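Trainee: Attaching a single structure in structure tokens format; questions to follow.
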Amino acid sequence: MKKIHVCAINRKVRDDEKLFVEECDRKYNEKLVAIADSIEEHQKEKPILLLAGPSGAGKTTTALKIEEILDSRGIHTHTISMDDYFLPADSFTAVIGEDGKPDYESPDRIDRKLLYEHMEKINSGEEVVLPKFEFSEQCRRDGEKLRRNKNDIVVFEGIHALNPEVTGAAGDYARCMYVSVRSRLELKDGELLHPCYIRLMRRLIRDGFFRGRSAAETLDMFDSVEAGENKYIMPYKHRAEFSVDTFHAYEPALYKNYLLNTLRRESRSYKDFERFLPMLKALEEIEPVMLESVPVNSLAREFVGESSYSY
């Protein structure tokens with residue numbers, strides 16, 4: 001387990017925040033270049049990459065970065081979000097979990113029949129019409145057409161990408177990758193901030209900016225999201241050939257600008273906020289990093305916006 005002390009981050013921010021951000025991004029990109037090397041080496045027999053990770057892990061940016069690396073080598077790469085294979089609201093009846101709430105993390109939310117069919121056709125070079133899921137309306141429409149050419153790579157990213165019950169026989173012609181936040185932030189009193197809180201910071205910002213959810217609504221979902229990860233994602237991460245820690249040490253310093261006042265407000269009004277206090281304490285202790293110091297292709301931009309990637 002890797003850990004980094006909040007005081008070490010503060011020193012780096014005060015010394016040269018832009019250099020600090022560049023160092024973090026470079027280390028992450030170097031990991032992805034090494035993975036792209038392996039994908040390129042085995043592209044003929046395994047032209048598909050299944051990329052999984054829990055909510056807020058940075059799956060989409062990671063997939064797009066691998067696509068970018070391979071494209072730069074002349075290997076045409078396509079990234080497909082498995083979220084687009086969600087069943088429309090009128091075709092999906094959520095199972096009620098033990099907490100009495102709908103289980104929206106269940107793999108049953110995926111249109112497996114369509115996903116199986118598309119994976120098989122994509123592998124064999126047949127044309128498919130990709131679906132596009134509209135979260136605001138909970139419906140699905142036709143998207144772009146795709147035909148994988150001989151040397152193309154296709155990345156399927158989603159929380160259930162490593163679950164064989166969801167992806168079927170794709171493991172026969174696919175590589176597997178798992179991403180999540182693994183590093184822990186050490187606070188001034190020695191407390192370690194669990195990685196799930198970094199992912200929660202990401203979701204709080206993303207949900208507020210792009211999904212129309214209040215902070216309270218995202219906090220309400222915390223238990224069900226975590227339960228879904230433990231039930232549906234963690235059991236399959238051992239299938240991954242590649243495993244990457246997506247934590248960037250400057251992230252909480254950047255997120256402070258967006259979350260500190262919100263969490264202070266929620267601490268006074270949200271029931272049972274006590275369990276989220278370590279997250280608030282971390283933001284209070286860390287020095288802020290300004291958005292202008294963060295490159296437009298940074299993973300953190302997936303959550304705060306103004307990214308060079310299209311999500």
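Trainee: Only one of these conditions is not met by residue 48: (1) out of contact with any Phe, Trp or Tyr (no Cβ under 7 Å at 6 or more places or on another chain); (2) more than 27 Å from residue 198 (Cβ to Cβ). Which number is it?
Mentor: That leaves (1) as the condition not met.
Trainee: Can residue 266 be described as modelled with pLDDT of 95 or more, closer than 27 Å to residue 30 by Cβ, crowded, with 16+ Cβ neighbours inside 10 Å and of a type in the set (Asp, Glu)?
Mentor: no
Trainee: From the list 40, 117, 105, which one is under 27 Å from residue 245 (Cα atoms), acidic (Asp, Glu) and assigned to a helix (DSSP H, G or I)?
Mentor: So the residue among 40, 117, 105 that is under 27 Å from residue 245 (Cα atoms), acidic (Asp, Glu) and assigned to a helix (DSSP H, G or I) is 40.
Trainee: Then there is this: Quick one: in the range 194-243, of everything that is among the aliphatic types (A, V, I, L, M) and in contact with a Ser or Thr (Cβ under 7 Å, 6 or more places away or on another chain), which residue is surrounded by the most Cβ atoms within 10 Å (Cβ to Cβ)?
Mentor: Checked the range 194-243; the qualifying residue surrounded by the most Cβ atoms within 10 Å (Cβ to Cβ) is 204.
Trainee: Moving on. If you go through the range 85-95 one residue at a time, do you hit one that is in a helix (DSSP H, G or I), farther than 25 Å from residue 29 by Cβ, touching a residue at least 12 places away in the same chain (Cβ under 8 Å) and under 20 Å from the mean Cα position of the chain (by Cα)?
Mentor: Within the range 85-95 (the criterion being in a helix (DSSP H, G or I), farther than 25 Å from residue 29 by Cβ, touching a residue at least 12 places away in the same chain (Cβ under 8 Å) and under 20 Å from the mean Cα position of the chain (by Cα)), the answer is yes, since at least one residue qualifies.
Trainee: Among the residues that make up the range 45-67, is at least one of them acidic (Asp, Glu), assigned to a loop (DSSP other than H, G, I, E, B), in contact (Cβ under 8 Å) with a residue 12 or more places away in the chain and closer than 26 Å to residue 303 by Cβ?
Mentor: No, because not a single residue in the range 45-67 is acidic (Asp, Glu), assigned to a loop (DSSP other than H, G, I, E, B), in contact (Cβ under 8 Å) with a residue 12 or more places away in the chain and closer than 26 Å to residue 303 by Cβ.
Trainee: Turning to a different aspect of this structure: I'd like to know if the range 122-132 contains one or more residues that are of a type in the set (A, V, I, L, M), out of contact with any Asp or Glu (no Cβ under 7 Å at 6 or more places or on another chain) and on the phi < 0 side of the Ramachandran plot.
Mentor: Checking the range 122-132: at least one residue is of a type in the set (A, V, I, L, M), out of contact with any Asp or Glu (no Cβ under 7 Å at 6 or more places or on another chain) and on the phi < 0 side of the Ramachandran plot.
Trainee: Now for a different question. Give just the number: which of (1) part of a strand (DSSP E or B); (2) over 20 Å from the mean Cα position of the chain (by Cα) does residue 100 not satisfy?
Mentor: (1)
Trainee: Right, next: Just to be sure I understand the filter: pairs with C-beta atoms under 9 Å, separated by 6 or more residues or on different chains, first member in the range 297-311 and under 10 Å from residue 60 (Cβ atoms), second member assigned to a loop (DSSP other than H, G, I, E, B) and among the aromatic types (Phe, Trp, Tyr). Which pairs pass?
Mentor: If the second residue must be assigned to a loop (DSSP other than H, G, I, E, B) and among the aromatic types (Phe, Trp, Tyr), the pairs left are 302/309; 302/311.
The values are calculated or read from the model by the stated rules, or taken from the named source; none is laboratory data. All figures in this text were calculated on a predicted structure; none of them were measured in a lab. When we count neighbours, we look across all protein chains shown, and the Cβ atoms used for this are built from the backbone with ideal geometry, even at glycine.
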